[in-house]
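> Starting off with a structure, shown below.
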Amino acid sequence: EIIADIAGCTRRTLYRHFPDKDALVTAIFEWQALIPDFDQIRGRMKGRSFEQKLYYFLLFGVRLIRSNKFMMEMMYGSGAYWFHRQMLDPDSVLFTTFVDINLLFWQPMIAEARDAGKIDPEVSDEKLMHWYSSIYYMMIIRLKNSTKDNDFILRKFVIPSMVYGYRKSNKN
């Protein structure tokens, strides 16, 4: 009812456009999660390595979503249990949409990284974005993680798992 009130329509009208709750919440999530100008953000990353792009965009994306009150309400409000179950189910419409949004953003950079031999050829773009989306979501919902925690997770686990040969070239 709240969504219908905000939209200025009846529940019946709302469900005429969306067959069920999953479709409705997914559409709202997609509307909120799509960054209006992917090209502008990609432009800011020009000249950075693929590893740096992964690192900086994950941190930027976490801050962006955490600053969006509507998105945080979806994740922590009354529907949080449903939302988390959907985001942890790789076959759900919501998680699939999240992967598709990330793939839309990352596709040109993944292609460039593949050409440079930075991504294991046995890992498909879709599988890479499944991992990326899962990690991205985990970083968003772990509110108590500090910047130092996120830095450690990214540098020691995420980037090495996504970038072919990263550990060999970046021994710490």
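The values are calculated or read from the model by the stated rules, or taken from the named source; none is laboratory data. Fair warning: this is a prediction, and the values are worked out from it, not measured in the lab. Note that we place each Cβ from the backbone using ideal geometry, even for glycine, and neighbour counts take in every protein chain shown. Heads up: the accessible areas ignore ligands, DNA and RNA and are worked out on the full protein's heavy atoms, side chains in. Shrake-Rupley method; radii C 1.70, N 1.55, O 1.52, S 1.80 Å.
> Working from the alpha-carbon coordinates of the chain, get Rg over Rh, Rh being the Kirkwood radius.
That ratio equals 1.01.
> A further question on this structure: List the GluC sites (Glu not before Pro) within the stretch 64-172 that fall in a DSSP loop (any state other than H, G, I, E or B) and whose Cβ has at most 11 other Cβ atoms within 10 Å.
Here the sparse-neighbourhood loop sites are Glu122.
> Here is a follow-up. Below 8 Å between Cα atoms, with a sequence gap of 6+, how large is the relative contact order for the chain in percent?
With pairs under 8 Å counted, the relative contact order is 23 percent.
> Points 7 angstrom from Cα along the Cβ direction at Trp31 and Lys69: gap in nanometres?
1.7
> What distance in nm lies between label points placed 7 Å from Cα along the C-beta direction at Ala4 and Asp100?
With each label placed 7 Å out from Cα toward Cβ, I get 2.6 nm.
> Kindly report the accessible area of the chain per residue (heavy atoms of protein chains, probe 1.4 Å, no ligands, DNA or RNA), in Å².
Counting only protein heavy atoms, the per-residue value for the chain is 61 Å².
> Here's a follow-up. Which value, in debye to the nearest 20, describes the size of the charge dipole of the stretch 14-64 about its Cα centre when Lys and Arg Cβ atoms bear +1, Asp and Glu Cβ atoms bear -1, and nothing else is charged?
Values: 8 positive and 6 negative charges, 54 e Å.
Rounded to the nearest 20 debye, it is 260 debye.
> Then there's this: Treating only the Cβ of Lys, Arg, Asp and Glu as charged (+1, +1, -1, -1), what charge dipole size does the chain show about its Cα centre? Round to the nearest 20 debye.
Here the chain has a charge dipole of around 800 debye.
> Let me ask another. State the percentage of accessible surface on the chain attributable to carbon and sulfur atoms; use a 1.4 Å probe and exclude ligands, DNA and RNA.
Heavy-atom surface of the chain belonging to carbon and sulfur, 1.4 Å probe: 54 percent.
> If you don't mind, another one. Quick check on the stretch 1-103: take the gyration tensor over C-alpha atoms, sort the square-rooted eigenvalues as a ≥ b ≥ c, and tell me if it's rounded (a/c under 1.5), prolate or oblate.
Prolate shape, in that a/c is at least 1.5 and a/b is the bigger ratio.
> Stretched out fully, how many nm does the piece from Ala111 to Ser49 gain, at 0.36 nm a residue minus the Cα gap?
That works out to 21.0 nm of additional length.
> Pairs of alpha-carbon atoms within less than 8 angstrom and 6+ residues apart define the contacts here; what relative contact order does the stretch 106-170 have, in percent?
RCO, the stretch 106-170: 39 percent.
> What's the longest piece of the chain with no exposed trypsin sites (Lys or Arg not before Pro), counting a site as exposed if DSSP puts it in a loop and it has at most 14 other beta carbons within 10 Å?
Excluding the exposed sites themselves, the longest stretch runs over 49-141.
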